[in-house]
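Inspection log for the structure reproduced underneath, given as structure tokens.
The values are calculated or read from the model by the stated rules, or taken from the named source; none is laboratory data. Just so we're clear, the structure is a prediction, and the values are computed from it rather than from any experiment. Every residue, glycine as well, gets a Cβ built from its backbone with ideal geometry; the counts of neighbours run over all protein chains shown. What goes into the accessible areas is simple: the full protein's heavy atoms, side chains included, and nothing from ligands, DNA or RNA. Shrake-Rupley method; radii C 1.70, N 1.55, O 1.52, S 1.80 Å.
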Amino acid sequence: MAGRQLASKWLKTEALLSDPRIAGYIPKTKGYSPAGLLQMLRTYGNVVIKPVVGGGGHGVIKVFRDARGYGFTYMSSTRVYSDFGTMRRALERVKLRRRYLMQQGISLARIAGRPIDYRVKVVKNGAHWEFRSMVGRLARPGLFVTNLCKGGTMMSCRSGLRRSLPRVRTSAKKAEMRRLTLVCIESMERHFPGIGELGFDYAVDHNGHIWILEVNTRPQ
């Protein structure tokens, strides 16, 4: 049973941020604005902007600030500009004509230079939630989005963690991901009664910290 579906990434993020047990796992997230983007770039150096409504990695753009100036990566193309204003005008031409949100860029752990994240899918069966899958998604060479529909490679969660973070205890990190998922389910059900399945997209950074990138109510 699919149950209730929620398209807005912003509503789902707000719901999770309201729970102090979860807030520390969520990257800094704001609605898109040019002034806000400049501020976040000065703070974090990397910012991911994504449509408030959408999936499959469509329209997701990584914006960055480094020694060369300001730039962005969309699909496999990276452009760099000497100043923020010029970059922003170019960015507006690439963005989809939708509302966007901005998220603190997370430095994902990598395998052979390719970023990896994790999808945990859970489904409600009667009164109980069941874990259906925990998989790693390795980005196609040259891309920063890991979506399988964009050429990403699926692997077991265990293999992804072991290969990207060899110094981290894989079983402990998987257990932490499961615990966090259960807390998030509780919070999501409280805010959105009637949901029947959820897909959590998790990043694990170079230090082994887990981040919640996104929650889907219609996970593929």
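Just a few scattered comments:
- Residue of 111, 49, 210 that the Gaussian network model of the chain assigns the largest fluctuation, springs spanning Cα pairs under 10 Å: 111
- Accessible carbon and sulfur surface of the stretch 45-166 relative to its total accessible area, %, 1.4 Å: 48
- Pairs from the table (12/173; 95/174; 30/124) lying more than 28 angstrom apart at Cα are 95/174; 30/124.
- Principal-axis tilt of helix 170-191 within the chain, Cα atoms, nearest 10 degrees: 90
- Alpha carbon convex hull of the stretch 61-220, projected area averaged over orientations, nm²: 10.8
- Helices in the chain, meaning DSSP H runs of at least 4 residues, each add -39500 (n - 2.57). Divided by all residues, the mean residue ellipticity at 222 nm is -8500 deg cm²/dmol.
- A Gaussian network model of the chain, with springs between Cα atoms under 10 Å, assigns the largest mean-square fluctuation among 203, 35, 15 to 35.
- Site pair residue 76 and residue 90 shows an inter-label distance of 1.9 nm when each label is modelled 7 Å from Cα along Cα→Cβ.
- For the stretch 1-80, accessible area per residue (1.4 Å probe, heavy atoms of protein chains only), Å²: 47
- HN-Hα J in Hz across the stretch 198-204 - Karplus 6.51, -1.76, 1.60, θ = phi - 60°, x for Gly and Pro: 9, x, 9, 9, 10, 10, 10
- In order through the stretch 48-55: 3J(HN,Hα) via Karplus (6.51 cos²θ - 1.76 cosθ + 1.60), integer Hz, x for Gly, Pro: 9, 10, 8, x, 4, 10, x, x
- A Cβ-based charge dipole, computed about the Cα centre of the chain with Lys and Arg at +1 and Asp and Glu at -1, lands at about 500 debye.
- Dipole-positive endmost among 203, 61, 101 within the chain (Cβ charges, Cα centre): 61
- Entry comment: accessible area of the stretch 123-187 is 53 Å² per residue, from protein heavy atoms only and a probe of 1.4 Å.
- The modelled label-to-label distance for the pair residue 167/residue 191, using points 7 Å beyond Cα in the direction of Cβ, is 3.5 nm.
- Between residue 97 and residue 35, the modelled label-to-label distance comes to 2.7 nm, taking each label 7 Å out from Cα in the direction of the beta carbon.
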